[in-house]
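Asks: Handing you this structure, nothing more for now.
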Amino acid sequence: MRIGQNGNWKAVQTGSYAEDEREFLAEFLYNTALPEKKTIAAADDDNDDSTTLSIDQLTWPHGERGVGECGGEFWDLSGIVTSPNYPYNYPNAITCIYQIKVPSQYTVGLDCNDVSIQPGDNQCENDYLLVYDGHHPDGIRYCGDKALGIFSSGSNITLIFTSDQSYRYRGFMCRYRALRPDGTGTGRWTRDPIK
């Protein structure tokens, strides 16, 4: 089976796939940041049948949404959260809520090493990423292009990404992982997060 978009094949599965076709498609979409177009093509190499499927017809693994979606709940011990359309410019006038929840015996480490959000004054009044981690009841706003890292005080972090009607930037890509009480993690950082 081949999977692609706009005539470019991006993934190939060999062998029998009849029973796990939708799982293969979901796994492909889950691990691939697709552009704005919301359809893909799938073709069977054996009989040249092809079909076009909507992303909305698929269920994401573990209840997560795909990379580049607007908001969602993330329950795995480690993962990636991005702004809509990342690494391309995010749309205007959006609000996306991302909830990262790990088991109660863990805390969350969040490392955003690629950030490009419309810069602003100290209040980040235009576009911003608002982080609720348990330390600050009003959350902390981030904008601009500085990397950020956070260790939560509890087992969840909520991110709220808001853009206004003016400029659009690349957005953000954050990696998260569950941290044990002794500070060791369940995943790998690309670099040490900022405390």
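The values are calculated or read from the model by the stated rules, or taken from the named source; none is laboratory data. Here the structure is a predicted model, which is why all the values come from computation and not from measurement. Here the Cβ positions follow ideal geometry from the backbone for every residue, glycine too, while neighbour counts run over all protein chains shown.
Asks: Using the structure shown, decide if Thr59 is β-branched (Val, Ile, Thr) and either within 29 Å of Gly154 (Cβ to Cβ) or at pLDDT 55 or above (or both).
Replies: Answer is yes for this residue.
Asks: So Asp111 ticks every box in (1) closer than 22 Å to Asp182 by Cβ; (2) at pLDDT below 95 but one. Which box is left unticked?
Replies: With respect to (1) closer than 22 Å to Asp182 by Cβ; (2) at pLDDT below 95, Asp111 is out only on (2).
Asks: May I ask you to verify whether Asp114 is in contact (Cβ under 8 Å) with a residue 40 or more places away in the chain, among the charged types (D, E, K, R) and under 23 Å from Glu73 (Cβ atoms)?
Replies: Here the answer is yes, as Asp114 does meet what is asked.
Asks: Is it the case that some residue within the stretch 144-159 is touching an Asp or Glu at 6+ places or on another chain (Cβ under 7 Å) and surrounded by fewer than 17 Cβ atoms within 10 Å (Cβ to Cβ)?
Replies: For the stretch 144-159, residues touching an Asp or Glu at 6+ places or on another chain (Cβ under 7 Å) and surrounded by fewer than 17 Cβ atoms within 10 Å (Cβ to Cβ): present.
Listed here are the residues, each with its yes/no results for (1) assigned by TED's automatic domain parsing to the domain that holds Ile80; (2) closer than 18 Å to Val81 by Cβ; (3) under 19 Å from the mean Cα position of the chain (by Cα).
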residue: Leu129; (1), (2), (3): yes, yes, yes
residue: Asp138; (1), (2), (3): yes, no, no
residue: Leu148; (1), (2), (3): yes, yes, yes
residue: Phe151; (1), (2), (3): yes, yes, yes
residue: Gly154; (1), (2), (3): yes, yes, no
residue: Thr158; (1), (2), (3): yes, yes, yes
residue: Ser163; (1), (2), (3): yes, yes, yes
residue: Arg170; (1), (2), (3): yes, yes, yes
residue: Cys174; (1), (2), (3): yes, yes, yes
